[in-house]
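The next block holds one structure in the form of structure tokens; read it before the comments.
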Amino acid sequence: MTRIDRYILVLFLRTALICFCSIAGVVIVFHAFTSLDDLVKQGQAEDGLIPVMMRYYGPYLLLMFDWTGAIIALMAFLFTVGWIRRSGELTATLSAGISHGRIFRPVLIASLVIVLVQLANREFILPAYRDALTLKAKDISGETEQPILAQYDKTNRVLVDGSALITQSQVIREPSFRLDGDYPGFGDTLLARSARWVEATKDHPSGYLLEGVERPSQIDRLASVGVEDRPIMMTSRDQLWLGSRQCFFATSVHTDLLQTNQTATRTASVAELVRRVRNPAVHSSTSLHVMLHERIIRPPLDFALILLGLPLVVNRRGRNLFVMVGAAMLTVLAFFMIKTLAGAMGGSGYLLSPAMAAWIPLIVLGPIAYVRLRDVQLV
């Protein structure tokens, strides 16, 4: 890497950092003004306002980077080129016989790194904060009850429902499970004080541990029920690890599937989305299939967006910087219009399958981006 490469790279990264901090600062300031009372109250109850704001807005900064990383890279690219053109450094470098492609190679590599960092953030970091991203400022403690989205377990023929959901502790308040399957003695409804999600152990598969079972009233006298070797309803009569008025319902309907806020689904990793699509117990919508394919192709599509802006960067007309930024905004708008339209058609099942709807933007824009990259390398 030459000195001019390091100079352009540092200028690009500094510009990208400034752009991101500016956008994040504006969003945080406007949101904090509307939620300041709740944040101050939480800060007084804990260890101060600053740690509370960092805990609340930290995950949102990660989410914002996931949303805007590629766009910020494109804008930083434009500002970097505009600066070195205005200072005459670009003209001097080109006069030495160096092509645009060689000059901007460090910026393209840095843009690719940003896309890969977005990928790592999306797959390994954001899923750990998805519960925090569903909370409002007044709910920052994570123990606030939220509405619940009932889900039907098709495998066991049970409707999982309740009065409220606590996402952080994975607890359903006042669960009301409607039993459509054949469960002798259990009747058609299973009512309890609470139901807590429990991962699989040597004693049981994953499912819900119900405390304070109210219906059926004779729960401690009922035998466990299952299909062949697969347990479904487990009671204390033949399960020594269960106590009085306890019941265990084995299911693959996780509490994440019960959230009305779709942020938990959008911030799930590709592996988790694959498991949801393959989960035979719940219905997978066509929109979920489209989302899965979009997540798979998003890294090359984000990089294609950056490459689409190359003609704005490499131009011999000496366009004004603000004209280039305006053209870049139109490019981004057209990019998202194609992506949104294809996703909507795939989600509704109109003309396009979910897989084709997700891949069409890359099929259309990928070759154009590649041709523009080749043109820059030859200029």
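Read-outs: derived from the displayed coordinates by stated rules, not from any lab. The structure presented is a predicted model; accordingly, all values stated were derived computationally and were not measured. Glycine also receives a Cβ, built like all others from the backbone with ideal geometry; neighbour counts cover every protein chain displayed.
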I'd like the distance between the alpha-carbon centres of region 220-240 and region 42-71, rounded to an integer number of Å.
45
Ranked 276, 130, 3, criterion: other C-beta atoms within 10 Å, fewest first:
3, 276, 130
Near the amide H of residue 164, under 5 Å away, which other amide H atoms are found, from residues 5 or more places off or on another chain, if H is placed in the peptide plane?
173
Once phi for every residue in region 232-248 is put through the Karplus expression 6.51 cos²θ - 1.76 cosθ + 1.60 (θ = phi - 60°), the whole-Hz ³J(HN,Hα) values, with Gly and Pro written as x, are 10, 10, 10, 10, 6, 4, 10, 10, 5, 7, 9, x, 5, 6, 10, 8, 10
Angle between the chain longest axis and helix 354-378 axis [Cα atoms, degrees, rounded to 10]
20
Residue-ordered couplings for region 98-114, obtained by feeding phi - 60° into the Karplus form 6.51 cos²θ - 1.76 cosθ + 1.60 and rounding to whole Hz (Gly and Pro as x), are 8, 7, 4, x, 6, 5, 9, 4, x, 5, 5, 5, 5, 5, 5, 4, 4
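If you take the square roots of the eigenvalues of the alpha-carbon gyration tensor of region 65-220 and sort them as a ≥ b ≥ c, do you get rounded (a/c under 1.5), prolate (a/b over b/c) or oblate?
Details: a/c = 4.98, a/b = 3.63, b/c = 1.37.
Note, shape of region 65-220 comes out prolate.
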Working from Cα positions, state the angle (0 to 90°, nearest 10) between the long axis of helix 321-348 and the longest principal axis of the chain.
30
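Taking a quarter of the surface of the Cα convex hull of region 151-260, what do you get in nm²? Display every interim value, and only then the final one.
Numbers: hull surface 25.0 nm².
Quarter of the Cα hull surface area: 6.2 nm².
Among rounded, prolate and oblate, which fits region 198-351 when a ≥ b ≥ c are the square roots of the eigenvalues of its C-alpha gyration tensor, a/c under 1.5 means rounded, and a/b larger than b/c means prolate?
On the way: a/c = 4.16, a/b = 3.73, b/c = 1.11.
Because a/c hits 1.5 or more and a/b exceeds b/c, region 198-351 counts as prolate.
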So who's got an amide H within less than 5 Å of the one on residue 245, skipping anything under 5 residues away but keeping other chains? H placed 1.01 Å off N, in plane.
220
Please compute the modelled spin-label separation between residue 33 and residue 180, points set 7 Å along Cα→Cβ, answer in nm with one decimal.
5.0
For region 222-230, in residue order, the Karplus 3J(HN,Hα) values (coefficients 6.51, -1.76, 1.60; θ = phi - 60°; whole Hz; Gly and Pro = x) are 8, 7, 5, 10, x, 10, 6, 9, 9
Amide H contacts of residue 151 (H built 1.01 Å from N, under 5 Å, at least 5 apart or other chain):
160
